[in-house]
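Bear in mind that the values in this text are calculations on the coordinates, not laboratory data. Quick caveat: nothing in here was measured; it's all calculated off a predicted structure. Because the Cβ atoms are built from the backbone with ideal geometry, glycine has one as well, and the counts that use them run over all protein chains shown.
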């Protein structure tokens, strides 16, 4: 009996440590961008305008906009193909996006990336930097394929999103003289 109990405790401990190691390395994208000669207030205004154009409903996405800091929580659906047995799968990915503005620079961070399927059977939870979602067990091959596909899709999505942010923040409209108007 003691041997069985010891075995169970070791198994549970190993399982928990594996989950902790994945949660400890969440998927995060962050970068500091230098924009010479632009004040924190101007960057904040540009960032707020970008939220309004980047998202259909920026009022529901933008959670906080104060003290030169913008924080949003957004949702992006992805369509994945899980193979013959799983078929097409819609996965909703929620993520946080923050923009912190200082004179001459801003920092964006995308984090708290969480994926849930509409069908419920592929709720990945927090997306991490782990190579595979499941190492062994039923459905590991399918779940690992979906995991890699989802991470690839989200990576491409965030690249497009951040490119549009950089363009908006670096936008220097040409001043038009009054008589040319």
*With a 10 Å Cβ neighbour count serving as the proxy for reagent exposure, in which order, fewest first, do 166, 136 appear?*
136, 166
*asked:* Suppose the chain between residue 102 and residue 71 were pulled fully straight at 0.36 nm per residue; how much longer would it get relative to their current alpha carbon spacing?
replied: 9.7 nm
*Would you order 128, 94, 53 from fewest to most other beta-carbon atoms within 10 Å of each residue's own beta-carbon?*
53, 94, 128
*Ranked 97, 159, criterion: other C-beta atoms within 10 Å, fewest first*: 159, 97
*For residue 33 and residue 56, compute 0.36 nm times the residue count separating them, minus their Cα-Cα distance, and round to one decimal in nm.*
5.8 nm
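In the calculated pair distance distribution of the range 26-169, what percentage of Cα-Cα distances lie above 28 Å?
27
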_Computed label-point distance, nm, for sites residue 171 and residue 131 using a 7 Å Cα→Cβ extension_ = 4.3
